Each structure stands twice: as C-alpha cells, then as structure tokens.
Amino acid sequence: MIESTIHRHNAGIDPAMHLWGWEIPTYLFLGGLVAGLMIIAGVRLVAMRPRERQALVCCTIGPLVGLALLSLGMLALFLDLEHKSHVWRLYLTFRPTSPMSWGSWILLLVYPALAANAIAHLPEAIPALAKRIPVLVTWSDFILGRSRLVLAIGFVNIVLGISLGIYTGILLSTMGARPLWSSAVLGPLFLFSGLSTAAALLHGILVLTQPAGERPGFADFLLSALARLSESRPLDHKVAPTLAAADNSFLTIELALLGLLLVGHLTSTQVHRQAAALLLTGPYAAVFWVFVVGLGILVPLTLQTLELGHRIRHTLAPALLVLGGGFALRVILVAAGQASHWASAAN
Amino acid sequence: MMAPFFKYGLFGDEFSLIVAFVTGVGMGFFLERAGFGNARLLAAQFYFRDLRVLKVMFTAIVTAMVGLYVLGGFGLMDLSLIYLTPTFLAPQIVGGIILGIGFIIGGYCPGTSCVSAVTGRIDGMVYVAGMIGGLLGFAEVYPSIERFARSTGMGKITLPQLFDVPYGLLVFAVVLMALGAFVAAEWAEKKLGGKVPAAGSLLEPTLRVTPVRAFAVSLVALGAFAAIGGSPYRSPVGKVDVRELALEAGTKTDHVSAPDLADWIIEGRNDFILVDVREAKDFAEYHIPGAINVPLASLSGDFADRNERIVFYSDGGIHAAQAWLLLRSLGYRGVYLLFGGLEEWKDSVLFPTAPAAAASASEQIAFAKRAAVSKYFGGAVQGASASPGPAVPTAPKLTPAVPTDAPASPPPAAAKKKKKEGC
C-alpha cells in the first residue's frame, strides 16, 4: 500500500489528466478567433453609420467566416467528448458555477447573433447570393430599417464576443490541478489573443481581395487555384491601416498579459514557479519564445508597424504569422498546462 | 565569461534554440536585404555580371575570421571548442560539384532558397521542396554509399594545420585574398556586366578615403597584426587569479570526497573525466574504475576541452592539487581533486571500517550503504562487527581495477557526453 501511494508505483494514484490532444487547442483557437470577429463586427454596427458600413466588405465576410469557423471549432469540441451521445444534456440545465455550462449556452447564443450581424449587410457584400435567395434582402431591410435593432445586434455581438473570448481562457484557469492554468490572467489573455487573430484574419482577407496587380504574387498563386472566390476590390485605404493598428494594439496587450501571467506565477508558490519555468527554461521554452512570442507577436508587430508607416506594402505575412502565433499559444499552453503538476514540487 | 557560451554551459538546449531563432531571423533578414532571395541575381555571379554573392560571402568570412582571431587572442573565445565539420575530401568534392550544378540551374543555394521561399517566390518553394526530397532520398540511399561518404577522411582539420603555417599568417593571407577578390569582382562586373563601380569603391581612380577603403585598410591592419601576433589557440603559458583560486582552495569548493565520487561512478554519471596523475606503472597496478591516466610530468590541456569537468587524483593529494593548479592556470574552470587521494579512497570506499557495536542506528544504516559500495568496487569491510565475508586483518592488497563480482551495471567509462553540435 505504501509502495503504491508514496512511491506512486500505481499509475491510478494520480488521475491521468493529460488527455487533451489537438481538439481542445483547435477549439480554443477558433473560439477565440470567432470571439474577436464578433467584437470587431459588433463595434462596426454600433460605431459606424450605415453608409460607411457598406464599404466594409471584410466585416460582412468576417461574421460569415466566423460562423463557419465556429462550426469547425464546435466539431473539434464534440470530437473531444467522451460520451458524444450525451451532449444534449448540457442544455437541460444551467449551472452558474460551471464554466462548461456557461460555455455551452454562450455558444448556443453566438450563432443567431453572428448570423444577424452577417445578414445586416449581406446583400451589398455578396450581390450574387442575394439574387439567388431574395429573402436575404428582406431580412437585411428588416434589420437596417430599425436602427435600435442594429444597435442591439451590435451590443449583443460585443457582449457575447467578450464572454466567448474570456470563457475560452476561464475554461482552463478553473482547473486548479494544473498550476500553469490557475491564473485569472488567462481569460483576458485569450480574449486579446482572439482579437488579434481576428483583426489579422480580416486584414488578410482585405489583402487577398485586392486587385490582381497589387496582390502579393503568392496570393495570386493561391487564388488562381481557388477560381474566382471573390471579386477584386481596391485595398481599402481606411480599413486596412485601422485593422493593422488595432492588431498592433491587441498584440501589445497580449504581450503584456503574457508577461503578467508569468510574473504572477513566478511570484506565487513553488508549484506555480515550476509551472512558469516550463515556459521560461523548461521543455516548452523554445517553442513558446520562438512560435508564440517571436513569430506570433514580435515579428508581425514589426511588420505591421512598417506597413502603417508606409515603409512596406500590406502583405499576407503578418496575418499568417498572427494566426499561427495564436494557434501556437493555445497548443503550447494546453500542452504545458497538462505537464504542470502539483506533485512535481513534492518530488 | 568565455565563449562559446553554449559549450561553457552559460545556457542550455532550450535557450540555444531561442538564440538560434534570433540569429536565424537576422541572417534571413540580411540575406534578403542583400538581394539573395532573387535567383536571377544569384545566378548572375556565374557569368561574372554581378558578383555580390562572392563579395557578401567573402566579407562574412573575413569578418568572422578576423573577429574569431581577435577574440581568441584576447582569451575571450576558446577556438578549440568551435565546431568543425570533419573533412572527407573526395565525397565533399563530389557533393560540392552537385551543389554547384544545382546552384547554376536553380539559382539558389540552400540558405538563399529558404529566403526566397519565405518571401513568397514560387521557385524558391519548389527549390525547398526539392531539397527536402533530396534529403529523404539521401537518407534512403546512404547505406549503399556509406563507404564512399566516409572515404578520404582527414578529420577536423584547418588550413593552418594542413599547410603547417602560423595561424596569424593565414589570417593575413585570406584578408589579402579577399581584398584581391573584391577588386577582381568589381573589375569583372565592369567588363562583363557593364556595371559602373559604385562611387567610393576600391576601383575608383582617386585617393579619397571612403568608408569602403577605410574598412579595407583596417582589415589589412588587423591581418598584419594577426600575422605577427601568433596563434590564438591555447598555449602552455597559463595565468591565474590568485585571489579567486585562494578562495576556492580555502573554502574547499574544489574538492570531491571519495564517497561522492563513488556515488557518481555507481550512478553512471558521465559528465566528468576522472584523471589519474600517477605514473603509468602505478596506474596499471590499480586505478579507480573509469579513470584515464595522464602522468603529471606530461600534463597539458590536450586530453580535455576547457568546458569539461575534470577530477584529478593521485596517491595522496599533492600531485592532484598541483595538476589542479596547472589546469586552472590554463583557463579550465571545472577542475576538482579527489580529497585525500587514493589513500582516502581506500579508507572510506574500498575498505570502510565498521562502527562500534554501540553506534546509533543511523550510523549502522550509513555503514550498510558504505559496505555495499565497497563491495561494488571489489573492496571489503574492516573491523570486528563486519558483515559476513572474508575479513582481512591487515592492510589488504588491492583487488584488480575492474571487480569481477560487480553488479549488472558495469562501471561506466567516463566518456563525456558530447553536447549536440552542428554547423
């Protein structure tokens, strides 16, 4: 008995919690991305006049892409479930103390909010689609005819987006058994990481939908394979810099929050210091600093600053780097979190 | 602080990867800025129309070489620890020809193809894909060409060793060669490429001092200094910081106790070199398992790199302490000596004395462990209350170096685990 409890010769003594593979990081990444898209699209509805909004094609495509990405993320989440046939039970109750419960209800509400946001300007964004399905015009007119409804949709999108973004972090941080995750900073960190990836995605879409001559050659190559996905439009000289600037602020905040997360852990108990050491000097240090901080934050920050200063053209590179960095942040935090352990301090 | 930092343990594997990332970003950035992401530009050098590849690469070589020489000369860098790829003459000539053909056809070398690929050039991406395919193919056929790939091996050899000329002289020669190549390159570009030499270049027919010329003159000056400055490699002349060494010796931080050493050997630790400084005859008679023999009379730094951890021992402690001081003066930092020498090893490891019958329980437990250690090294316990076994009444004769009744794990060879290295 002593053998198996003290020396942990029996693997069942410690609960095996390193169960999460690619599904959860994928969902956390897509969830954060969609949260960012919702917030940006919501702000657009609240802050801009209808005439200005029409030009913002990317913000209509944004919620549409968001719907698709969220479905992918939900699929990943579903694949991770142990008892897949029991998923409906989450919607028979609401437990205010359970992040899982919050998450499942938020996700349910996100769909109609995103859809309403997308429909508002859909006919102008994709006229071909509106011609095929005339009812879209009716819905769009219905929404745009009521300015209070537009405001409401905008606010609901912002609130739900913030909730979704923070919830993806809280989902991890409520698990006390994993010292690396047990920090309230994780919520805002994931929210701002989600915002930065969303701004980067929209910026990337803008770059891709430029007229052929101005697009990067690589994008041309990609697009020619994908046929005529979208009509070419001139790069929106108002929106692209705004998105890049917003992305830069989000990235800076994300960097600061990462710093706070590490400082918080380093000034906490021995267990938390060991958890932070996983990222600072331990087996995750190289991937963390290279893929999350270097390629995911610092390099795109530099590139976007140069773009904003009109030193270089707007390219796909920062968007791809930020998206990759956001995904790497989720993958590494989930993996390193599962490697951090209370028992490690005792050994 | 002594370079190379990684080899001296200033940081570990993880941090070295982060450093690699930062230097990699820097290298990629400057290669791209030099125009090396463009296949046409790179291929132009083979037609002598645009020789910027030659100029950039030669500048890099000369800068690194002079820099290494100066750092080595000032004792800030241990040149013997710089990784050198072993030379295999015939296979490397063949490989070089293949690489050159690929360079002319495709317009890229491996590094520049990566630069080109990440700047979004499709030919660069195809080139990188081909490179990966080639690596996979090479790995597959390697067993059948291994004999050729390992033929004409010359070891890790440098030009000064090959030509038997002083290191500094070669530095000077390469500097002159580089400057000659720069001038020839500009001339060829003018003749064949129709390029007008940039204002202030070496070819401009004025005596004006331009930045390029100032740089060239300072390079020549450094080269000339190197030619008379001698070898930056380690020399047998050492230097000590008396206060530092006095502190270390006084606080006994340079000691390894015999039981600790025994534990290290049993644990199979391979991060230290155990050195016996007695005569070869004594070494043959008995030595601690895993030790190598470097008699004090022939001691030099050749048997170990400066970043190794070295433990000296001799019969008593005097010769080991002298060896300790000598290697410390040569700049070896991780040098230790076995406290009490072989005498102490015999007394406390090989033939420990049993405690009195009235000894406390913890002493008895400690002794049981020491008895087991003693058995591992082929020794025996001394004293009245010894555990069963052939009690030897007087000073026993030492058993052979490697005990025959050793447990399953044999005493490890004290081979240093090499840090990963690559070019």
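Values in this text are rule-based calculations from the coordinates and carry no lab data. Keep in mind the model is a prediction, meaning the values are calculated, not measured. Because the Cβ atoms are built from the backbone with ideal geometry, glycine has one as well, and the counts that use them run over all protein chains shown.
If you count the DSSP beta bridges with both ends in chain B, what percent of them are antiparallel, to the nearest 5? Before the final figure, lay out the partial values.
On the way: 2 of 15 bridges.
For chain B, the DSSP antiparallel bridge percentage is about 15.
Summing +1 for each Lys or Arg and -1 for each Asp or Glu, what net charge is found among the other residues whose Cβ lies under 15 Å from the Cβ of residue A:25?
Here the count lands on 0.
Which shape class, rounded, prolate or oblate, goes with the range B:93-198 when its Cα gyration tensor gives a ≥ b ≥ c as root eigenvalues, a/c under 1.5 marks rounded, and past that a/b bigger than b/c marks prolate?
Oblate.
Quick one: which residues, 5+ away or cross-chain, put their amide H under 5 Å from the amide H of residue B:87? H built at 1.01 Å from N.
B:154, B:155, B:156, B:157
Charges only on Cβ, +1 for Lys and Arg, -1 for Asp and Glu: so what's the dipole of the protein assembly as shown about the Cα centre, in debye to the nearest 20? Show your work: numbers first, answer last.
Working: 57 positive and 49 negative charges, 466 e Å.
Roughly 2240 debye, rounded to the nearest 20.
Which ³J(HN,Hα) values in Hz, rounded to whole numbers, follow from the phi angles of the range B:22-27 under the Karplus curve 6.51 cos²θ - 1.76 cosθ + 1.60, where θ = phi - 60° and Gly and Pro get x?
5, 5, x, 4, x, 5
In debye, nearest 20: dipole of the range B:273-347 around its Cα centre with unit charges on the Cβ of K, R (+) and D, E (-)?
So the dipole magnitude of the range B:273-347 works out to roughly 320 debye.
Loop only by DSSP, 12 or fewer other Cβ within 10 Å of the Cβ. Give me the trypsin sites (Lys or Arg not before Pro) in the range B:219-305 that pass, ordered by residue number.
Of the trypsin sites (Lys or Arg not before Pro), the ones in loops of the range B:219-305 whose Cβ has at most 12 other Cβ atoms within 10 Å are B:239, B:252.
In the protein assembly as shown, if the dipole is taken from +1 on Lys/Arg beta carbons and -1 on Asp/Glu beta carbons about the Cα centre, which of A:109, A:191, A:256 is farthest to the positive end?
It is A:109.
Starting from the Cα gyration tensor of the range B:160-230, take the square roots of the eigenvalues, sort them a ≥ b ≥ c, and report rounded, prolate or oblate (rounded when a/c is under 1.5, otherwise prolate if a/b is larger than b/c, else oblate).
Oblate, because a/c is 1.5 or more while a/b does not exceed b/c.
Just report the Cα centroid separation between the range B:320-366 and the range A:298-331, whole Å.
So the two Cα centres are separated by 59 Å.
Using amide H atoms built 1.01 Å from N in the peptide plane, name the residues 5+ places from residue B:312, or on other chains, whose amide H lies under 5 Å from its own.
Residues meeting the amide H criterion: B:275, B:336, B:337, B:338.
Helix-only estimate, please: 222 nm mean residue ellipticity of the protein assembly as shown, summing -39500 (n - 2.57) across DSSP H runs of length 4 or more and dividing by its residues, to the nearest 500.
Calculated at 222 nm, the ellipticity per residue is -19000 deg cm²/dmol.
Taking a ≥ b ≥ c as the square roots of the eigenvalues of the Cα gyration tensor of the protein assembly as shown, is the shape rounded (a/c under 1.5), prolate (a/b larger than b/c) or oblate? Please list the in-between numbers first.
Values: a/c = 2.82, a/b = 1.37, b/c = 2.06.
Here the protein assembly as shown falls in the oblate category.
Under a 5 Å amide H to amide H cut-off, with H placed in plane at 1.01 Å, what residues pair with residue B:353 once short-range neighbours are removed?
Those lying under 5 Å, H to H, from residue B:353 are B:382.
Sequence gap at least 6, Cα distance under 8 Å: using those rules, report the relative contact order of the range A:252-347 to the nearest whole percent.
Averaging sequence separation for qualifying contacts and normalising by length gives 33 percent for the range A:252-347.
Which of the listed residues, B:249, B:172, B:359, is farthest toward the dipole's positive end in chain B, when Lys, Arg count +1 and Asp, Glu count -1 at the beta-carbon?
Comparing the listed Cα positions along the dipole, B:172 ranks first.
So for the protein assembly as shown: antiparallel DSSP bridges make up what percent, rounded to the nearest 5?
15 percent
What number, in percent, do you get for the relative contact order of chain B if the mean sequence gap of Cα pairs under 8 Å and at least 6 apart is divided by its residue count?
Averaging sequence separation for qualifying contacts and normalising by length gives 15 percent for chain B.
Rounded to the nearest 20 Debye, what is the dipole magnitude of chain B about its Cα centre when Lys and Arg each give +1 and Asp and Glu each give -1 at the C-beta?
Taking the Cα centre of chain B as origin, the dipole is about 1420 debye.
Positive end of the dipole of the protein assembly as shown, charges at C-beta (+1 Lys, Arg; -1 Asp, Glu), about the Cα centre: which of A:296, B:314, B:73 has its Cα farthest in that direction?
The listed residue farthest towards the positive side: A:296.
Output ³J(HN,Hα) for the range A:145-155: one whole-Hz value per residue in order, computed from phi by the Karplus curve 6.51 cos²θ - 1.76 cosθ + 1.60 with θ = phi - 60°, and x for Gly and Pro.
Residue by residue, the range A:145-155 yields x, 10, 5, 5, 5, 4, 4, 4, 4, x, 5 Hz.
How crowded by other chains is A:288-294, given as the mean number of beta carbons from other chains within 10 Å of each beta carbon?
3
Using the Karplus curve 6.51 cos²θ - 1.76 cosθ + 1.60 with θ = phi - 60°, what ³J(HN,Hα) values do you get for each residue of the range B:177-188, in whole Hz, with x for Gly and Pro?
Along the range B:177-188, the couplings run 4, 5, 5, x, 5, 4, 5, 4, 5, 5, 5, 5 Hz.
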